[in-house]
Every structure is written in C-alpha cells, then in structure tokens.
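Presented below is the structure to which this report refers.
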Amino acid sequence: MTGTAEIKGYHAHVYFTAQTRARAQELCEAAHEVFGVGMGRLHDKPVGPHPCGSCQLSATPEEFARLLPWLALNRGGLVVFAHPITGESKPAQLADHRDHAIWLGCGLDLDLSIFQ
C-alpha cells in the first residue's frame, strides 16, 4: 500500500431518474434506518459532479464496511457511486471522486471540472 491519506468517512450517492426516484428514496431511507448512516435530501437535478438526480448517504469507515455489501445486494438496479473522504482540498476531492471511486452498476461520467 503506497498511499498515506487517512479515510475520514465515505459518501455513497444513489442515482435515480424520475421513474426510479421512489425506489431510490426507499433504498436510502432503509439504509438510514438499518445502519444509522446520514441521509441527505433527494436532488432531482444534477448537483456538484453528479450527472443526474441523487441522494447522498454519509458513513463512517465502520458503517461503510457494512453498508456497501448491503447496497450491492439491495440497490434494485440503481447505480450507486461511492468514494472515500480523505480531505477538503480540491486535489483530495478530485482523487477521491476519480481515483478512489467505487461503482455499483455501470459507471457514469462525472463533471470533475468542479475540482480544478
């Protein structure tokens, strides 16, 4: 292992369309109830680097170790983008979103220009 960054937490972004919004909301609410992870609001339009509607789940490293396998089995065809949080600087955020990304389902193009 060559990296020295400390993982402070994780974000899992559940992507949805108008047709899959209710399913995404149910999934995120269930994750919040089962694991106690933070649940953000549902954004119906792209926010930040995300290419479509999404809901953010925030987890500690310990919570994420249980959350990710659960999402893999229960996502119901939804795309989930997850990444570690290693720092607040733009270079750290870029690396977290580009180099350390975890995709459940097909990977989508992110707008990484916001980290430049």
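What follows is calculated from the coordinates using simple rules that are stated; it is not laboratory data. Everything quoted here is computed from the prediction, not taken from an experiment. Cβ sites come from the backbone with ideal geometry, for glycine too, and all protein chains shown count toward neighbours.
Taking the range 30-62 as the range and being within 19 Å of Ile7 (Cβ to Cβ), hydrophobic (A, V, I, L, M, F, W, C) and part of a strand (DSSP E or B) as the test, the residues that pass are Leu57, Ala59. Take the conditions (1) out of contact with any strand residue (DSSP E or B) (no Cβ under 8 Å at 6 or more places or on another chain); (2) among the aromatic types (Phe, Trp, Tyr); (3) assigned to a strand (DSSP E or B); Trp103 misses just one of them, which is (1). Ala22 falls short on exactly one of the conditions (1) touching a residue at least 40 places away in the same chain (Cβ under 8 Å); (2) of a type in the set (Gly, Ala, Ser); (3) surrounded by fewer than 12 Cβ atoms within 10 Å (Cβ to Cβ); (4) part of a helix (DSSP H, G or I), and that condition is (1).
The residue list Asp109, Asp96 contains one member that is in contact (Cβ under 8 Å) with a residue 12 or more places away in the chain, outside any loop (DSSP other than H, G, I, E, B) and either touching an Asp or Glu at 6+ places or on another chain (Cβ under 9 Å) or not aliphatic (A, V, I, L, M) (or both), which is Asp96.
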